[in-house]
Amino acid sequence: MTLIRKPGTAWGDVFARCRETAPEAFAEDRVRNYWGGRWRSDGDPVPATSPIDGTVIAGPPRLTAATATEAVRAAADTHRTWSTVPLAERKARITATLDALAAHRDLLALLLVWEIGKPWRLATTDVDRCIEGVRWYVEEIDSMLAGRSPLPGPISNISSWNYPMSVIMHSVLVQVLAGNAVVAKTPTDGGVSCLTLAVALAARHDLPITLVSGGGAELSPVLVDSPEIACVFFVGGRSAGSQVAAGLLNSSKRHVLEQEGLNCWGVWEFSDWDGLAANVRKSFEYAKQRCTAYPRYVVQRSLFDRFLAAYLPAVRDVRFGHPLAVEPGQDGFPDLDFGPLIKDAKAKELTDVIDAAIAKGGVPLYRGSLDDGRFLPDQDRSAYLAPVAILAPPPSSPLFHAEPFGPVDTIALVDTEAELLAGMNASNGALVASLACDDEATAQRLGAELRAFKVGINRPRSRGDRQEVFGGRGASWRGDFVGGALLVHAVTEGPPGERRYGNFPTHAHYPEV
């Protein structure tokens, strides 16, 4: 049956709803930035297209470094006032903001579909995790702030595009709840309209949030080096993260730098293949475009035949395509594991990396076809990539040591425990790892040798929600760990001599996870 775009979900319809909901933040042909307590039409908008089908959508205004500097100084003035607002009032304003976000939950989710290609189920989950997570902090914040005070200046937030609500907006609202003004940079590659709408709803309750847009090369020095900034939150790749870290070398500023690592799933002395198969399919959610995706399996050679018998049917069951393509008369949205990659250039880059890895000796175990996806007739499919699995990618390939940030698995075969550990520690630190192993004692022993912050036994690990702490080992993390009370501790001043958890230039201090 020929598919159609779900009625009422065209980009023009969605943007019109944004203009109706928050006319102060959305002009007819652009989004605005928010600083100094008002919405502004400064900066030249960058042309943008949706990855789901190439539709022209609103792009971020490109501010100059000089304008960003003015915005940071205005945030510092706001910080001095906000840090004296009583906690009860801060909680009331945050709660009112969360109620507004919940009232516009579906519109925020539709923006995520159009701007970053998330299927509906994952888009709504992103919005819900933000709202529910911050509500938990509102309930628990009193004890977390006992004996603590806001930082001396505003907090800067520079994050990637993949989780505008559950990572960026969530962090911003908790930082504000703890008594800080914040500056947030909209991601360049996607999510600007979603984040703009969320900030518009927050600004109506006088929350001290500054929202700026622009290129990282121009704005990052301002958002990192400005003397007014007391803390820097960064979520992104190691290359950009290293540049941010370099700007902090001679500074005593607080910082939270979450960077990528190659998260691995080891298979050793294992037999629950049905359980593993379920996790294989789930691992392809959002095309592995998240920091806790599992793109590498390190498998005991003697188990490879059984692993493959479980793996291949699971990867064939993965469903992908246009997130809004439905059958005529269909209720609801398509139930997909993933849509497009963030842009067509990324799909081409990753295709080239795959081809090069195979040309240099990697074995293509599985290469899906875009013809297996759900698409509208004659739509642009240039940002899509079907699932791929490669056995033994060559050491010269980026797939050997780094996250692909796309629906690509690599598999390495090993014969000894030492090889298993070396294969799983290939990227000098990771955020998560998992071991598929029947014997709990063996799994715990091996897990203690993994350079990952969280290690799962026969289950995946993730960032977690609410009280669960989060961090990374090795090059995957710099600065304070977050999650639960640690997120609040990272953005507040504690007692003299406090030893916070994190990876610091002089030491690392790890909590129990």
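The values are calculated or read from the model by the stated rules, or taken from the named source; none is laboratory data. The structure displayed is predicted, hence computed values, not measured ones. Note that each Cβ is placed from the backbone with ideal geometry, even for glycine, and that neighbours are counted across all protein chains shown. With ligands, DNA and RNA removed, areas are computed over all heavy atoms of the protein, side chains included. Shrake-Rupley method; radii C 1.70, N 1.55, O 1.52, S 1.80 Å.
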Quiz item: If you check Arg62, Arg30, which single one turns out to be open to solvent by 60 Å² or more (accessible area, probe 1.4 Å), within 25 Å of Glu115 (Cα to Cα) and under 26 Å from the mean Cα position of the chain (by Cα)?
Solution: Arg62
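Residues checked against (1) closer than 30 Å to Arg374 by Cβ; (2) free of Cβ contacts under 8 Å to residues at least 60 places away in the same chain; (3) buried (at least 19 other Cβ atoms within 10 Å of the Cβ); (4) under 26 Å from the mean Cα position of the chain (by Cα):
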site: Ala16; (1), (2), (3), (4): yes, yes, no, no
site: Phe26; (1), (2), (3), (4): no, no, yes, yes
site: Trp35; (1), (2), (3), (4): no, no, yes, yes
site: Ser41; (1), (2), (3), (4): no, yes, no, no
site: Glu70; (1), (2), (3), (4): no, yes, no, no
site: Ala92; (1), (2), (3), (4): no, yes, no, no
site: Thr97; (1), (2), (3), (4): no, no, yes, yes
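Kindly provide the set of residues from segment 447-456 that are over 23 Å from Arg500 (Cα atoms) and either charged (D, E, K, R) or surrounded by fewer than 16 Cβ atoms within 10 Å (Cβ to Cβ) (or both), ordered by number. Even if it seems obvious, please write down each step before you answer.
Of all residues in segment 447-456, those over 23 Å from Arg500 (Cα atoms) come to 447, 449, 456.
The answer is Glu449, and nothing else.
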Quiz item: Just a yes or no: is a residue in segment 347-357 hydroxyl-bearing (Ser, Thr, Tyr), under 24 Å from the mean Cα position of the chain (by Cα) and over 20 Å from Gly474 (Cβ atoms)?
Solution: yes
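Table: residues versus (1) assigned to a loop (DSSP other than H, G, I, E, B); (2) in contact with a Lys or Arg (Cβ under 7 Å, 6 or more places away or on another chain); (3) open to solvent by 10 Å² or more (accessible area, probe 1.4 Å).
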residue	(1), (2), (3)
Ala184	no, no, no
Gly214	yes, yes, no
Glu218	no, no, yes
Glu269	yes, no, yes
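Of these, Val176, Val256, which one is closer than 30 Å to Tyr294 by Cβ, out of contact with any His (no Cβ under 7 Å at 6 or more places or on another chain) and open to solvent by less than 10 Å² (accessible area, probe 1.4 Å)? Lay out the reasoning, then the answer.
Values: Val176 fails: closer than 30 Å to Tyr294 by Cβ.
Answer to the check: Val256.
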Exercise. Evaluate the following for Thr84: is it in contact with a Lys or Arg (Cβ under 8 Å, 6 or more places away or on another chain) and at pLDDT 95 or above?
Key: no
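In the list Pro334, Pro364, Pro323, which residue meets the criterion of being outside any helix (DSSP H, G or I) and either touching a Cys at 6+ places or on another chain (Cβ under 9 Å) or open to solvent by 40 Å² or more (accessible area, probe 1.4 Å) (or both)?
On the way: Pro334 fails: either touching a Cys at 6+ places or on another chain (Cβ under 9 Å) or open to solvent by 40 Å² or more (accessible area, probe 1.4 Å) (or both); Pro323 fails: either touching a Cys at 6+ places or on another chain (Cβ under 9 Å) or open to solvent by 40 Å² or more (accessible area, probe 1.4 Å) (or both).
Pro364 is the lone residue from the list that is outside any helix (DSSP H, G or I) and either touching a Cys at 6+ places or on another chain (Cβ under 9 Å) or open to solvent by 40 Å² or more (accessible area, probe 1.4 Å) (or both).
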